[in-house]
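Only one structure is covered here, and it is reproduced in the block below.
Throughout, read-outs are computed from the coordinates displayed, never taken from laboratory work. Bear in mind that the values here come from a model prediction, so they are computed numbers and not experimental data. When we count neighbours, we look across all protein chains shown, and the Cβ atoms used for this are built from the backbone with ideal geometry, even at glycine.
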């Protein structure tokens, strides 16, 4: 294979690094509740057989953890596309992105919420970003997306 001239960048097989990425994992209380639920399921099977109870508890714990990890939505800005859960939109079709603190998020989801808005929310995350949609063909006026780092997500959308 011929060598590239000195100073010529070689093509990269790796995709561009994401500008912003976050997984909306369950909070610590949720994981504690999963362990408590698995223990309760285990206790229910103790009269049958302690070994079966241990297996049921471990099975519930593993299945619950796999389900919670698998269902945690990803929020990312990569290759000019904003993704929130299963939805995506090109960044060039977005307008202003505003970081919302806990009080602003609560107000945004209360009486100010437009029924046409796209929301990707998790109740255990109290901050969010509101992003205006500028696509004239899209009936969605804006997105409200939960994030633990609203300022960083808003900055990535403006970059």
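At-a-glance table
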| read-out | value |
| --- | --- |
| Neighbour-count order for 43, 89, fewest beta carbons within 10 angstrom listed first | 43, 89 |
| Stokes-Einstein diffusion coefficient of the range 118-159, Kirkwood radius over Cα pairs, 25 °C, 0.890 mPa s, in µm²/s | 223 µm²/s |
| Residues 158, 118, 126, sorted so that the one with the fewest Cβ neighbours within 10 Å comes first | 158, 126, 118 |
| The chain: angle of helix 28-44 to the longest principal axis, Cα-based, in degrees nearest 10 | 30 degrees |
| Principal axes of the range 20-71: Cα extent on each, largest first, Å | 50, 17, 10 |
| Cα pair count fraction exceeding 14 Å, expressed as % - the range 74-158 | 59 percent |
| Length-normalised contact order for the range 20-71 - Cα pairs under 8 Å, 6+ apart - percent | 36 percent |
| Residue 116 paired with residue 65, simple spin-label distance in nm, labels 7 Å along Cα-to-beta-carbon | 4.5 nm |
| Additional length obtainable on full extension of the chain from residue 40 to residue 155, 0.36 nm per residue less Cα span | 37.0 nm |
| Residue exposure sequence - 21, 147 - by fewest surrounding Cβ within 10 Å | 21, 147 |
| Computed log₁₀ I(q)/I(0) - Debye formula, equal Cα scatterers, no solvent, the chain, q 0.09 Å⁻¹ | -0.47 |
